[in-house]
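Trainee: One structure is given below, represented as structure tokens, and several questions about it will come after.
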Amino acid sequence: MGRKARNRRNSGQTLIITALVIALLVLSIVYGVFEAGRRSEMRSAATLNSPVLAAKLGLRNTVTSALVNVSNGGEDEMLSTNLNEYASIVGNQSHFGKCSVLFTVSDASPYQSGMWISWGSDGTGVSSAYANFTLVFTKTESDLQLEHTINITTALNVEGTYTKLGGTLKQVNVTCRIFNEGEPALANNITLYYDHDGDSGTHDWIAADSPNITDYGNGTYTISFTAETQTRNDPILVSAHVYDLRDIFVLANATCAEI
């Protein structure tokens, strides 16, 4: 199933603005703290770390919001656009000196313009953003340069089985496993579809009717439903559409095994 614009596309744009505003507020607060702290002859490590942590938080929010937008149908170049805007906002703050954000988005395979969107038919799906940063804090009592990498990845694994019932009805059981940066993660929404005629070349997806979803609380979900296919011997192809708690979208298609 190809990428296309979705109803939640605007949510990504809203999150971009929200993330940048929050980042600006956080930076303003910690810069103020830093300004007060720098007057002392000896600056504590915690004071030094405050603007660094704030900058990292802002960058992470910006990369995440770009992935939300792209996974919901936006252009891959959204990551560079958002990071340029964030760098401009940070660069205009001078409460304790100047902070410069330099970045490169990954173009190393499988990434393009910092984005990797792979929604396959083998039961796996990936929505990922990757960028490298150099943070430079100048005009303080001691300059600071920091190299930083951010990789935001939502991955989905799907597998399923089915049993023939009467006529063209089949009992289908699907397991979805969701990951954020390689760790089990929760879903905000899961919608499951099955192919009516079981032909991978001519998908005619039908939403699963009244599915029974079990949430195990560890990123694993089982979904059971009854499917009515075109003929009794049609295989069951499923497509799981998932939004994680960050509103990042990912999908994966899989062929269920008959038992």
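Trainee: Computed FRET efficiency, Cβ-Cβ of Ser118 and Asp215, R0 35 Å: what is it to the nearest 0.05?
Mentor: 0.90
Trainee: Counting other C-beta atoms within 10 Å, and keeping those with at most 12, which DSSP coil GluC sites (Glu not before Pro) do you find in region 109-199?
Mentor: Glu181
Trainee: Would you work out which of Thr214, Phe179, Asn189 lies farthest towards the positive end of the dipole of region 116-215, given +1 charges on the beta-carbon of Lys and Arg and -1 on that of Asp and Glu, about the Cα centre?
Mentor: With unit charges placed on the Cβ atoms, the residue in question is Thr214.
Trainee: Could you list the chymotrypsin sites (Phe, Trp or Tyr not before Pro) in region 164-259 that lie in coil according to DSSP, counting only those with at most 12 other Cβ atoms within 10 Å of their Cβ?
Mentor: Tyr216
Trainee: Moving to a separate point now. In region 156-259, what % of DSSP beta bridges are antiparallel (nearest 5)?
Mentor: Antiparallel bridges: around 95 percent, rounded to the nearest 5.
Trainee: Sticking with this structure for a sec: How big is the charge dipole of region 163-218 about its Cα centre, in debye rounded to the nearest 20, if each Lys and Arg gets +1 on its Cβ and each Asp and Glu gets -1 on its Cβ?
Mentor: My answer is approximately 240 debye.
Trainee: Test of understanding: what is the full-extension gain from Thr149 to Thr161, defined as 0.36 nm times their sequence separation minus their Cα-Cα distance?
Mentor: Here the answer is 0.4 nm.
Trainee: At what distance in nm do the modelled label points of His203 and Arg60 sit from each other, each positioned 7 Å from its Cα along Cα→Cβ?
Mentor: Result for the modelled spin labels: 3.3 nm.
Trainee: Right, something else. Over 25 Å, how big is the tail of the calculated P(r) for region 116-240, in percent of all Cα pairs?
Mentor: Everything past 25 Å amounts to 41 percent.
Trainee: Only loop residues by DSSP count here, and only those with at most 15 other Cβ atoms within 10 Å; note down the trypsin sites (Lys or Arg not before Pro) in region 161-238 that meet that.
Mentor: Filter output for region 161-238: Arg232.
Trainee: Compute the length gained on full extension between Thr134 and Arg232: take 0.36 nm times their separation in residues and subtract their Cα-Cα distance, giving the result in nm to one decimal.
Mentor: Computed gain between Thr134 and Arg232 is 29.4 nm.
Computed from the coordinates by the stated procedures, all read-outs in this text should not be read as laboratory data. What you see is a predicted model; the values in this text were computed from it and never measured. Don't worry about glycine lacking a Cβ; one is built from the backbone with ideal geometry, like all the others, and counts go over all protein chains shown.
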